[in-house]
1. For segment 23-139, calculate the relative contact order in percent as a whole number, restricting contacts to Cα pairs under 8 Å that are 6 or more residues apart.
2. Put a dot 7 Å past each Cα toward the Cβ at residue 149 and residue 33; how far apart are the dots in nm?
3. Of the candidates 208, 240, 417, which one comes out as most mobile in a Gaussian network treatment of the chain with C-alpha springs shorter than 10 Å?
4. Using a simple charge model, +1 on the beta-carbon of Lys and Arg, -1 on the beta-carbon of Asp and Glu, nothing else, what dipole does segment 330-429 show about its Cα centre, in debye to the nearest 20?
5. I want the antiparallel fraction of DSSP beta bridges within the chain, as a percent rounded to 5.
6. Test of the criteria: in segment 161-242, which chymotrypsin sites (Phe, Trp or Tyr not before Pro) are in a DSSP loop and have at most 15 other Cβ atoms within 10 angstrom of their Cβ?
7. List, in the order given, every pair from 13/309; 65/85; 38/65; 65/408; 174/220; 47/289 whose Cα-Cα distance in the structure shown is over 25 Å.
8. Mean separation of Cα pairs under 8 Å and 6+ residues apart, divided by the residue count of segment 1-326: what relative contact order is that in percent?
Amino acid sequence: MIWNKEMECMGRKNMQEIQSQRLKKIVSYVYRNCPLYKAKFDSSGVKPSDVKGIKDVQKLPFTVKDDMRDSYPFGLFSSPVGEVKEIHVSSGTTGNPTVVGYTKKDLKLWSEVMARSLCCAGAEPGDRIQIAYGYGLFTGGLGFHYGALEMGLTIIPASSGQTKRQLKLMTDFKPRILGCTPSYALYMADEAREIGLDPRESSWEIGIFGAEPWSDSMRKEIEATWNMLATDVYGLSEIIGPGVAQECRHKDGLHIWSDVFYPEVVNPETGRAAGEGEAGELVITTLTKSGIPLIRYRTRDNVSITHEKCRCGRTSPRISKIRGRTDDMIVVRGINVFPSQIEHVLLAIEGTQPHYQLIVDRKAGEMDELEILVEVEEKVFSDEVRKLQVLEEKIRKEIASVLSISAKVKLVEPRTIERSEGKAKRVIDRRKL
Ligand code: DLL
């Protein structure tokens, strides 16, 4: 089922017409109502009247996360704070958190884009959904909730954590849809086996996983473990939360709702447009928001984009699975390493688990050291020491050949790497950089 056929299947020319109208309106709105945007436009020498169509978006200055942090808490709001009906906060590791606010109109938009996303994943009105994303200041739980209400699902608002209870809710209420982070889906499978449940017998048929990077190999693992279709949902608090882009059953890129979130892909160093299919940083302009519209927001997420029509019938552009963040990439001895590349290697090797952690360190006067902790299956760990050494060596060689980097590999017992009920922590960087 397609939730909004008109917008999701529109021809490109008509879509550009709508995007052009909306861009002109939003640019003039932020210029009039947000002093920070007025100052930004003035200092880069563009006036709202210079924007005549969607192509002119490239004349506008970028917005970055620091613009939000520096104007904490409400400096980037374009609407009066009194019109903001809900506030969410995304926790940062340093400095001020990012504050995002939704007017009533924005909450409607959020419901709409999440309803599109749920349908796109394969949900049908009347289905039951277990929402195991955190509720509260994190946007995951409530974003899913609004979309599910809008499209007529029966909601089990489990929030994250309390895994045994999650499994009981699943067993008793038999929801068809599950929403949670991909790492939590695998974590729940361990717990299920421990209490004697066979994950393959679960009621979940469709999973909608996101909020953190995950590879296609991890998808295969989840699909085989839970006997379900695992789809990818993308979003970020600054833009709206979950519901910016979603995979359909073909799993061939995430449909981005470009009538409301205009996407560009740029070279992260130069800021220039990347070509169709070329990797770069995703930049988004919100075309219809009123609380905090963002113009050319640099997401730091690495993707490529295609405008080809999908087999599902939607014409909305598709972004690739997020390849990592320009800022969670670690540079070890001059080599760029994304945790997702390591994950890919590990999952292709029998006996390893998709639970891993990269530890980077640099002792005074020495080169960077990369150590990779990898959990292995119980039966592997009880093997003789020599067999474990062979496996370690195999992983080390594979990483060296795929990533051209030497790393220390340490196999650890099942369930020793700290689990998260939300986003997994993949990298520990101990270097004082
Ligand atoms: O994680 C919103 C969300 C909730 C998305 C639930 C999907 C499901 P933030 O906490 O602001 O918002 O984090 C946003 O998480 O810029 C990406 O780097 C990463 N991210 C989100 N979805 C994906 C995904 C929510 N499907 C940041 N694949 C984004 C890879 C993702 N990374």
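Bear in mind these aren't lab numbers, they're just calculated from the coordinates by the rules spelled out. Just so it is clear, the structure is predicted and the values come from calculations on it, not from any experiment. Every residue, glycine as well, gets a Cβ built from its backbone with ideal geometry; the counts of neighbours run over all protein chains shown.
1. Values: 100 pairs, mean separation 23.3, N = 117.
Relative contact order for segment 23-139 comes out at 20 percent.
2. 2.2
3. 417
4. 180
5. Values: 40 of 64 bridges.
Bridges in the chain are about 60 percent antiparallel.
6. none
7. Values: 13/309 14 Å; 65/85 22 Å; 38/65 18 Å; 65/408 34 Å; 174/220 23 Å; 47/289 20 Å.
Result: 65/408 exceed 25 Å.
8. Numbers: 675 pairs, mean separation 57.7, N = 326.
That works out to 18 percent.
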